[in-house]
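Single-structure report; data block below.
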Amino acid sequence: MLQQRRIVVAVTGGVAAFKAAYLVRRLIEQGAEVRTVMTRTATQFIGPATLAALSGHAPVTSLFGDDSVS
């Protein structure tokens, strides 16, 4: 259904941030290529490594510098 689609999911700091993991997983199940962007506060609710594992791509967590997840 979503084959050949590229989707960016932006996660902000809020209680519902944990739902991003479910959303990313569902989008990938539908065939989309998913990239994620997280605010600094969002990383306190859900770890960047979680979204990296689900999407296959490290989330962008910083506008400047190295945002790689280790």
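Since every read-out is calculated from the coordinates, none of them should be taken as a lab result. Since this is a predicted model, take the numbers as computed values, not measurements. Neighbour counts are summed over all protein chains in view; Cβ atoms, including those assigned to glycine, are modelled from backbone coordinates with ideal geometry.
Quick notes
- FRET E, pair L23, L63, Förster distance 25 Å, beta-carbon r, rounded to 0.05: 0.65
- Karplus (6.51, -1.76, 1.60) ³J(HN,Hα), θ = phi - 60°, over segment 43-58, in Hz, Gly and Pro reported as x: 5, 7, 9, 9, x, x, 5, 5, 5, 5, 5, 6, 8, x, 9, 5
- Seen from a random direction on average, the alpha-carbon convex hull of the chain projects onto 4.4 square nanometres.
- Relative exposure of L63, L2, L54, judged by other C-beta atoms within 10 Å (fewest first): L63, L2, L54
- Over the chain, dividing the summed -39,500 (n - 2.57) contributions of all DSSP H runs of at least 4 residues by the number of residues returns a 222 nm mean residue ellipticity of -8000 deg cm²/dmol.
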